[in-house]
1. Just the ratio, please: alpha-carbon radius of gyration of the chain over 2.2 N^0.38 Å, N its number of residues.
2. How would VAL194, VAL168 line up from fewest to most surrounding beta-carbon atoms within 10 angstrom?
3. Among ALA131, ALA610, LEU559, whose Cα lies farthest out toward the positive end of the dipole of the chain, if unit charges sit on the beta carbon of Lys, Arg (+1) and Asp, Glu (-1)?
4. Let me make sure I get this right: for the stretch 551-613, a, b and c are the square roots of the gyration tensor eigenvalues over alpha carbons, sorted descending. Under 1.5 in a/c it's rounded, otherwise prolate if a/b > b/c, else oblate. Which is it?
5. Tell me what the chain gives for mean residue ellipticity at 222 nm when only DSSP H runs of n ≥ 4 count, each as -39,500 (n - 2.57), the sum divided by the residue total, rounded to 500 deg cm²/dmol.
6. Using only the Cα atoms of the stretch 243-338, build the gyration tensor, take square roots of its eigenvalues as a ≥ b ≥ c, and label the shape rounded, prolate or oblate: rounded if a/c is under 1.5, else prolate if a/b is larger than b/c, else oblate.
7. Run the dipole for the chain about the Cα centre, Lys and Arg Cβ at +1, Asp and Glu Cβ at -1, nothing else charged, and hand back the magnitude in debye, nearest 20.
8. For the stretch 283-324, taking Cα atoms only, what is the radius of gyration to one decimal and the Dmax to the nearest whole Å?
Amino acid sequence: MVMPDPDRSWACLIGVSTYPKDDGLGDFPAVPNNLDALHEILTDPLVGGLLDDHCVVIQDPTNAQELALQVEDIAIRATDMLFVYFAGHGLIDPNFDGRLYLATSHTLQHRPHFTSLAYDDLRRAMLSSGARRKVVVLDCCFSGLAHGFMSGGVAHVAGQLDIRGTCVLTATKNNELAKAPAGAAFTAYTGNLVDVLRSGVAGGPELIDIATLHEQLQLRLRSAGLPEPRVSSSDTIGRLSLVRNASWRPVGAEDPVDLTDPNEVYRMGSRLEENGRPDEAERLYRRSVSAGNTGAMLMLGSLCADRGDWARAERWYRESAEKGNATGMIALGAWLERQGKLREADSWYREAAEFDQPIAMEGIGRLAEKRGDVNEAERWYRKSAEAGRTGAMIALGALFDRRDDEIGATSWYLRAAGTGDAVGWTCLGLMSADRGRQSEADAWYYRAAAAGEPSAMINLGSQALERDERAEAIQWFRKAAEAGSDDGMVRLGDELQRAGNVDDAARWFLRASEQGNGRGMVAMGKLYEEAGDTAAAEDCYRRSIRAGFDQGVLALAGLLVTRGEWDEIEQLCRPLAEAGRIPAMTVLGLVLERRGRSDEAKYWQDQVRAAGSA
């Protein structure tokens, strides 16, 4: 067996995650993760080996005819292997012999023949290819969504799947239900497919062929109580080697570290990153994931977050959490909390708390406090604090402070400081300042700053600004920035920009944005926009929105206004406005008013006023 020739092989990955909201077809939020993970695996030189530009991802196609043409264009280019994958809704047209259709993001489930890709057209595209071997993977059933399932249809549809010289794998047999679990990183079938392709088969051959892949999927899905997949093939296509077996090692070959040991992998990966070799670090982490190391998924998530690739970072955190890694649960919970998805964040924190994780307990308390349930918040903060979590001690101090219980607040702040967290001294300074004891506050700030606490430095810098002592303010902000505070970096950048030192300001804004600071991203976007690089500015603004910084909405909307892209502005702002984000409500109201939809505009303007008075 040999691997497909990368120069003559192509893959087309199609996934549809969103559907018309008023048509009854449910969305599949996991589908983008399906596409991303499969693209990673198929283009990994150590696994799939395809060239990056030979693995085409088509996400949320809207036009069935254009989709058919895209697939045919890719099919014609392939002369060795052609791999086509689809995830989304499958529909049956009962009026035309139960024909199978693959839904697009504009599909109407009762009119699939006009709004979906007919499977006959996919067959035609596959048959147009001169590829020697063809593989079709369908992660769908033959009907619409019913309470979290991709629903089934009629058995005779399966006969439509056969394509000459082709192997077809489907998520289910006949009319069973293909599961798409809510909140999971992947749909059920593709999650197992990814796991087999990425981790390989222990004790298996060097290359994994289609038949072996299907056998592994059958075993995994059956043992998990999931619907069994189906495979059909012609000729000897079932012996096609699709990927290298990630678990296979040549006799005598040794890995540089124990890939199953998170600490060893982390140390070596960190050294590679520090030495300017992040790609090698990433390969090490991926190898470790293939060996079953869920901690390496967290490392990959952090690496993606550092690059600003938030969607992929979330996918890795979610995969780690679903594999039972408590730290992954906390990382996912924190990410979801940052995105405003508080209910799901709470559920992951609670799962992690079952593993006696004090950070998770603090997270539960924080979310309870956001809901206004102060008693539950205090209960969880106390659990976390008793386990040694200083952040929970600070949170308890703040609770007592808001109750005007200065003695209780002081006790918890001092306890945090006594464990080495100088934030406790900063909080004592803030509490003293609120009560008008500024000299006492300053003493606490200086004590915290001497211990290297950035927020104390920022407070001292802010006081210097109030005295109009900008040189001193810049010194304090610089110290905070050099101590790693992204807030300090942005404040330093602001002051340097005001002083006319734009290049130095840009460096600090960039460092802050690389740490995920949305305000730094917007500041960088403004600089790009002033320099005439609107593409770079737009990228910064969009990243700031993904990072949860509301002012990015205003900045991006302002840029889009200059281009007259009113539809885009409305599409951008509406979901954020519906999620309660005030800047988005403001912009949406203005856009709707300009477009003559005064009643709807007034609704959002009233919402802004109500939020402002709350």
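Please treat every number below as a calculation from the coordinates, not as lab data. Keep in mind it's a predicted model, so treat the numbers as computed, not measured. Here the Cβ positions follow ideal geometry from the backbone for every residue, glycine too, while neighbour counts run over all protein chains shown.
1. Values: Rg = 27.6 Å, N = 614, 2.2 N^0.38 = 25.2 Å.
Dividing the Cα Rg of the chain by 2.2 N^0.38 Å gives 1.09.
2. VAL194, VAL168
3. ALA131
4. oblate
5. -18000 deg cm²/dmol
6. Taking the square roots of the gyration eigenvalues as a ≥ b ≥ c, the stretch 243-338 is prolate.
7. 780
8. Spelled out, the Cα radius of gyration and Dmax of the stretch 283-324 are 9.4, 26 Å.
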